[in-house]
1. How much solvent-accessible surface does Leu355 expose, in Å² to the nearest 10, with a 1.4 Å probe and all protein chains in place?
2. Pairs Lys376/Lys539; Lys179/Lys539; Lys82/Lys255: which exceed 19 Å Cα-Cα?
3. Provide the packing ranking of 40-48, 17-25, i.e. peptides ordered by the mean count of other C-beta atoms within 10 Å per residue, highest first.
4. Using a basic spin-label model with each label point 7 Å from the Cα along Cα→Cβ, how many nm lie between Gln412 and Glu246?
5. Quick one: length gained pulling Ala260 to Asp71 fully straight, 0.36 nm per residue minus the C-alpha distance?
6. Between Asp495 and Asp289, what is the label-point separation in nm under the 7 Å Cα-to-beta-carbon projection?
7. What residues qualify as long-range amide H neighbours of Phe193, i.e. H under 5 Å apart, gap of 5 or more or another chain, H built at 1.01 Å from N?
8. Stretch Lys179-Glu372 to full length: gain in nm at 0.36 nm per residue minus the Cα-Cα span?
Amino acid sequence: MPSCSETTLADQVAACALHHYHHVLPNHNGGKPQAGKEWTVYAAVIACQGRRSTDVGDGAHHVNSVDDNDDLWVVSCATGSKCTSVNSVVSSLPTPVSTTDISVDTTPSSKGTFKRNVSREEEAKICQLYNGMILKDSHAEVLARRGLMAALWKEIEHTLTQSIKEQSKNNGAPSPTSKHLLEVATPLSTPQFRLKSGITLHMYISDSPCGDASIYEIKTMKMQESNQSEGSTKYSGNNITTDGFEPGLNFTGAKIIMSANTSTKSISSVLTFTPATSQSSAIQLGREDIQQLGALRLKSSRSNIPPNQRSSSMCCSDKLVRWGVLGLQGRLLSTFIRDPICLSSICVSRDPRSLGEGQLVALERALPTRVENTLKSSLEASLSVGPPTVAVIDQTFDNSKSASEHRYMISQVVNRIPYGGIVKVCTHQLGSNKRRKMNHDTEKTDCSCNVRKESACGMSLNWHQSQTSTKANMPEITIGASGLKRGKKPKKPRDALNCASRLCRLSFFQCWMKCVKMSSNCSVPNGDSKGDRSYKQCKDSVDDNAAVCVDSILGGGVREEYNTGPLRGWVRSGIDGDFAISLD
């Protein structure tokens with residue numbers, strides 16, 4: 001990795017993230033995209049110990065330099081570019097197999113242990129957890145943030161567990177290790193945590209986040225005329241003159257949400273659907289002739305997808321704005337971490353197709369500017385956070401979407417170049433018979449460009465640091481289209497439990513329950529007649545002020561009429577996506 005003294009903070013963050021991907025994440029167990037066939041998005045959350053500020057100098061895209069004494073390490077990282085609909089996945093999972101309770105099977109297994117069949121009632125309880133087991137959004141930025149949340153939960157749980165042990169020995173509170181992110185801010189009887197002094201968090205992303213941040217000017221292939229004159233396009237090494245390209249806007253693919261903030265002038269058609277897991281009665285998505293800037297969007301999907309299979313996940317640009325205002329920790333972690341934990345900076349690898357500073361301008365417009373505007377429009381004066389700085393860095397991720405599309409575009413331009421009256425042909429595009437029959441009028445050429453259009457990798461990797469578990473330090477592989485771990489398709493409800501990712505809502509809910517039982521921070525709400533507590537019920541019980549704050553910023557609450565900020569019209573989860581677990 002480059003020396004701290006010779007690079008900016010953004011360069012060092014990117015180098016740390018890329019080094020982790022190439023040298024820490026294994027290559028042998030799958031999960032990474034196949035070279036030349038697939039692309040993916042890679043994101044990582046980096047902790048920096050010792051840095052006090054991340055100012056941007058002179059309005060440029062370089063974050064100020066890193067001090068030699070700074071310590072950077074990867075807290076969490078992930079790959080992925082897929083999302084899914086909870087309803088469509090839940091409907092494909094197994095249901096209880098019988099109408100009556102199954103008797104206990106006392107036949108010893110081959111290992112000498114006894115097997116116990118699960119009753120229909122128990123299987124029905126497992127089925128109620130399905131909503132919480134599925135990762136709705138498997139984009140890299142989202143999984144990297146959830147990996148950070150998992151690391152924070154592990155720290156809190158470990159500290160509370162050790163505190164109970166230490167108190168029994170009258171040794172006082174445990175001391176955190178060097179790589180811990182949190183420190184105890186209050187007595188452990190009612191523990192509150194905060195980010196350790198001197199630690200800042202930064203995010204590296206291999207491509208501009210989907211949505212508003214990905215709308216910028218790029219080089220596109222110029223349409224070739226049938227009677228193109230010889231030599232109108234020139235090729236020299238890996239450089240193609242501008243005659244082969246023309247400027248155009250990068251298309252985000254994310255679907256614009258029709259709201260009070262949306263202009264209808266550039267909308268050619270409107271799709272209306274009602275997602276089962278949303279609070280909204282109906283959502284209108286627009287098809288844009290000209291892409292609007294600063295608008296809220298859902299993640300991209302085909303227009304002909306049935307409503308029950310359509311994802312209602314907001315695009316990554318919008319989620320980064322939300323995290324920049326409300327923090328990365330989420331509602332349940334706010335039980336123990338009251339102050340928002342926000343990113344100090346976000347750096348993105350340069351798109352090789354980008355023109356000028358368009359990519360940086362888009363990042364600044366979509367992220368820090370909208371964070372600042374959201375904070376200004378919020379009625380909650382208690383929000384003491386600032387927008388993250390952004391940077392575009394020259395270090396690239398070879399398996400990124402932009403790098404893949406650039407390779408394909410170059411190969412297409414090269415393959416149609418007239419060259420002194422002799423057409424240059426990339427021989428690996430031809431069949432074996434044609435390669436053997438090539439005559440003297442065709443000149444063979446070696447082309448390192450990948451002419452096959454690569455597809456998005458269907459699998460996602462996630463990794464996060466853990467001071468207490470070796471298993472947590474191993475990467476987990478999930479399937480983006482299902483939001484479940486890679487493996488055999490479950491045949492019974494109890495099999496489905498093993499498919500849940502460690503980053504799913506169910507896993508975090510169980511962490512919350514465990515930590516609440518070890519502290520007196522929050523009273524667990526009363527359960528139903530069976531003693532079960534719902535996820536949404538427990539989230540709403542954490543802090544009434546937090547709920548008011550979210551309503552003020554995102555809309556959908558009692559104070560929605562006062563919300564005029566950039567995040568107004570946010571598609572929020574409804575009770576149909578809820579699930580319940582037993583505290584016992």
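The values are calculated or read from the model by the stated rules, or taken from the named source; none is laboratory data. Just so you know, these numbers come straight off a predicted model, no measurement behind them. All Cβ positions, glycine included, derive from the backbone under ideal geometry; neighbour counts span all protein chains shown. What goes into the accessible areas is simple: the full protein's heavy atoms, side chains included, and nothing from ligands, DNA or RNA. Shrake-Rupley method; radii C 1.70, N 1.55, O 1.52, S 1.80 Å.
1. Per-residue accessible area (Leu355): approximately 50 Å².
2. Numbers: Lys376/Lys539 26 Å; Lys179/Lys539 29 Å; Lys82/Lys255 15 Å.
From the list (Lys376/Lys539; Lys179/Lys539; Lys82/Lys255), the Cα-Cα distance tops 19 Å for Lys376/Lys539; Lys179/Lys539.
3. Values: 40-48: 27.2, 17-25: 16.6.
For the peptides 40-48, 17-25, the packing ranking is 40-48, 17-25.
4. Result for the modelled spin labels: 1.3 nm.
5. Working: separation 189, 0.36 × 189 = 68.04 nm, distance 4.55 nm.
Stretched fully, the Ala260-Asp71 segment lengthens by 63.5 nm.
6. Simple spin-label model gives 5.2 nm for this pair.
7. Amide H neighbours of Phe193, under 5 Å, 5+ apart: Ala185, Ile337, Arg338.
8. Working: separation 193, 0.36 × 193 = 69.48 nm, distance 3.09 nm.
Extra length available between Lys179 and Glu372 comes to 66.4 nm.
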